[in-house]
Every structure is written in C-alpha cells, then in structure tokens.
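Colleague: Before anything else, here's the structure in question.
Only the coordinates and a few stated rules stand behind these numbers; no lab work does. The model shown is predicted, which means the values in this text are computed figures rather than measured ones. So basically every Cβ, Gly included, is an ideal-geometry build from the backbone, and we count neighbours across all protein chains shown.
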Amino acid sequence: MDFLIELKIVVAIGLKKGRGDKMSKFENFLDEKGRVKSWPSKHLLKIEVVKYIADKFEEGKEYSEKEVNDIIDKWHTYGDYFMIRRGMIDYKLLSRKRDGSKYWKEK
C-alpha cells in the first residue's frame, strides 16, 4: 500500500478515536524540554512522533543529511535518528534526493 494512503487512513482512524486521547498519550513520550524520549510501539503514536519532529523543519529549505540528523538529535533523547528520519521519508513528511545528499520539507 502507498505510504501516503496508509498515513491518511491511520490519521482518519485516529481522529475518529478522539484527538484529545491521542495527544495525551503522545505527550507521555515527551520529556520536560519537549524532546521525544522513546520510540512508541503503537503505529498511531509512531506517526505522531515523526509528524512532531517533521514540524521542526522549514518548508522549502534544503538540508544535508548531517543537518537532518542534527535537528532530529535535538528533538529526541534515545539516540536513534535513523528510525525517525526513515519514518519522515516513508510518510512523505520529508523528501530527499535518491543519493541522500539533500532533504527538504515540501510546501
């Protein structure tokens, strides 16, 4: 299944369950500085994590892989920037060149 379609389905299901409940569960994954402190096991919360970190990127600005990793590292504490970066790419929240030399957030 296309990741964008899957994301839309998962978000729609999540909205039906009620955003307040989902947000309070998501907030359990943040430390006092607003950094993600662990990778959730539930799919909906994983999407919330990658959306949260994707919001830290400016639309239309190009980033090197190191800059992407640095931003992710700034907003999480458990040391696995790769998983978050891959999630942002998979869910079309961040785009990249095929060789990984440039990343950007679509407008």
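Colleague: Against the condition crowded, with 17+ Cβ neighbours inside 10 Å and without any contact (Cβ under 8 Å) to a residue 60 or more places away in the chain, how does Tyr91 come out, does it pass? Don't jump to the end; show me each part of the working.
Modeller: Details: crowded, with 17+ Cβ neighbours inside 10 Å: yes; without any contact (Cβ under 8 Å) to a residue 60 or more places away in the chain: no.
No: the conditions fail for Tyr91.
Colleague: Given the conditions (1) surrounded by 18 or more Cβ atoms within 10 Å (Cβ to Cβ); (2) within 10 Å of the chain's Cα centre (by Cα); (3) within 19 Å of Arg35 (Cβ to Cβ), which single one is not true for Met83?
Modeller: Every condition holds for Met83 apart from (1).
Colleague: Please find, within the stretch 29-74, the residue that is nearest to Lys107 (Cα to Cα) out of those that are small (Gly, Ala, Ser) and assigned to a loop (DSSP other than H, G, I, E, B).
Modeller: Per the criteria, the residue is Gly60.
Colleague: Out of (1) buried (at least 16 other Cβ atoms within 10 Å of the Cβ); (2) hydroxyl-bearing (Ser, Thr, Tyr); (3) part of a loop (DSSP other than H, G, I, E, B), the odd one out for Ser101 is which?
Modeller: Answer for Ser101: the failing condition is (1).
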